[in-house]
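Structure, as structure tokens:
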Amino acid sequence: MNDSVSSLLLNFLQNNDEQTLWIADENALGTAATVSPRPSLVIVSNRFDIYTQAIEQGHNAQFSDYDFSAIEDESLDAIAYRVSKERAVVHHVANEARRTLKPGGILRLVGEKYDGIKGYTDKISKLLGVKSPAKKYGNSYVAELKKSEQTRADTSDKVLDDKQYAELRQIDQLISNQGSELAWWSKPGQFGWNKTDQGSALLIQQAEVLFAQTRYPSRVMDLGCGYGYLTLMTTDWPHTLRFATDNNAAAIASAKRNFEAAGLNVTLVADDCGSSIQEEFDCLLCNPPFHQGFAHDSSLTQKFLANAARLTATQGVALFVVNQFIPLEKMAAKYFRNIDKLVDDGHFKVVALKH
Ligand SMILES: C[S@@+](CC[C@H](N)C(=O)[O-])C[C@H]1O[C@@H](n2cnc3c(N)ncnc32)[C@H](O)[C@@H]1O
């Protein structure tokens, strides 16, 4: 998290003992360690790594896709939130703040100009019923948005459009698999939730070419599975045992629904880079994340590679797709002996990694 944004949030979290909900998304990695746990602070994260870190630190934490349904109306004194990248998430949180804050309760919003914080401050202060500006601290902004005594939880006329954030929905565009077309389910709150990623399509195409020439793997791991696209594309692979894992709660919910709908038996695990998985795989498919919150982070790619090396069997192959300009081959040399670029389409490259 950007230092000044994080200190604005931490300052607030450390210096109050009210009933507070901290919404900790991908930008909050590492920050739970700097706040002392207390019974009146609950952390909700949609990221498994942040959730486990918080639990290890002794916090009261929940892993969910920002599901606040168990929180009673008008029960919270304060909510702390660094605005997320996706508008549907911010609107969902704002609507839930309106419902769950006590009259007079505060939504503490922090962010930077390019996060759209000023626009959100305007909209959300109207929603909560008290006009308050965002204040500038260096490059960061903080807004203390108060819920007015007159704003009641059950007045639904002013809610912000959150694209029905909580709901899984069927996506119009079908995905094609070996001539057949597949309907799929997804929701906002995760990478490319309503589209097929061009890199992932290239990856699966290369996997098909490779295994049609050799033989199809019997144990496949989809590392960072998202809504499950890569696994869904292995539906026709014969006698395959499938595993899939992701760090993101929306991705896990979508993948679960997709695997059930496709009748696929997949061991699906919420995890950080597959760290808790002990099995080995003949094939690992991975389109690793490039961004961590608002910042680029190559240590995450390293972590994916290290776990891929551990999970790939001695005779197995890990197939990675990345943006053409990422030096994956160089980074992978620390973990794999055989590194082979299978294709480069000018945007993405697929790299085969073997021990
Ligand atoms: C580029 S997307 C690929 C998604 C999917 N495999 C596809 O092809 O559409 C990267 C995925 O990695 C997941 N991810 C990010 N950090 C992770 C972590 N630490 N552990 C596991 N998965 C993670 C993201 O949630 C996202 O679903």
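The values are calculated or read from the model by the stated rules, or taken from the named source; none is laboratory data. Because the structure is predicted, anything quoted here is derived from the model rather than measured. Here the Cβ positions follow ideal geometry from the backbone for every residue, glycine too, while neighbour counts run over all protein chains shown.
Here are the numbers for the structure shown:
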quantity	calculated
Residue in the stretch 1-40 that is surrounded by the fewest Cβ atoms within 10 Å (Cβ to Cβ), counting only those that are among the acidic types (Asp, Glu) and either under 23 Å from the mean Cα position of the chain (by Cα) or not assigned by TED's automatic domain parsing to the domain that holds Gly111 (or both)	Asp3
Given (1) over 22 Å from Leu202 (Cα atoms); (2) surrounded by 18 or more Cβ atoms within 10 Å (Cβ to Cβ), number of the condition Arg310 does not satisfy	(2)
Residue within the stretch 162-184 that is at pLDDT below 90, surrounded by fewer than 17 Cβ atoms within 10 Å (Cβ to Cβ) and basic (Lys, Arg) present	no
Candidate set: the stretch 137-152, residues that are surrounded by fewer than 17 Cβ atoms within 10 Å (Cβ to Cβ) and within 22 Å of Asn16 (Cβ to Cβ); chosen: the one modelled with the highest pLDDT	Ser148
Those residues of the stretch 229-241 which are of a type outside the set (A, V, I, L, M, F, W, C) and surrounded by fewer than 22 Cβ atoms within 10 Å (Cβ to Cβ), in sequence order	Thr235, Asp236, Pro238, His239, Thr240
His239, sole failed condition from (1) within 12 Å of the ligand (Cβ to nearest atom); (2) on the phi > 0 side of the Ramachandran plot	(1)
Every residue from the stretch 51-102 that is in a helix (DSSP H, G or I), among the β-branched types (Val, Ile, Thr) and touching a Leu at 6+ places or on another chain (Cβ under 6 Å)	Thr100
Residue that is nearest to the ligand (Cβ to nearest atom) [pool: residues in the stretch 264-278 that are surrounded by fewer than 23 Cβ atoms within 10 Å (Cβ to Cβ) and not aliphatic (A, V, I, L, M)]	Asp272
From the options Ala313, Ala250, Ala309, Ala261, residue that is small (Gly, Ala, Ser), within 12 Å of the ligand (Cβ to nearest atom) and in contact (Cβ under 8 Å) with a residue 12 or more places away in the chain	Ala250
Among the residues listed as Gly111, Gly105, the single one being within 23 Å of Asn46 (Cα to Cα) and either free of Cβ contacts under 8 Å to residues at least 40 places away in the same chain or assigned to a strand (DSSP E or B) (or both)	Gly111
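The rows are residues; the columns are (1) of a type outside the set (Phe, Trp, Tyr); (2) more than 18 Å from the chain's Cα centre (by Cα).
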{"site": "Thr301", "(1), (2)": "yes, no"}
{"site": "Thr314", "(1), (2)": "yes, yes"}
{"site": "Gln324", "(1), (2)": "yes, yes"}
{"site": "Ala333", "(1), (2)": "yes, yes"}
{"site": "Phe336", "(1), (2)": "no, yes"}
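Each row is one residue, and each column tells you yes or no for (1) within 13 Å of the ligand (Cβ to nearest atom); (2) touching a Phe, Trp or Tyr at 6+ places or on another chain (Cβ under 6 Å).
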position	(1), (2)
Lys147	no, no
Trp184	yes, no
Asn194	yes, no
Leu202	yes, yes
Phe211	no, no
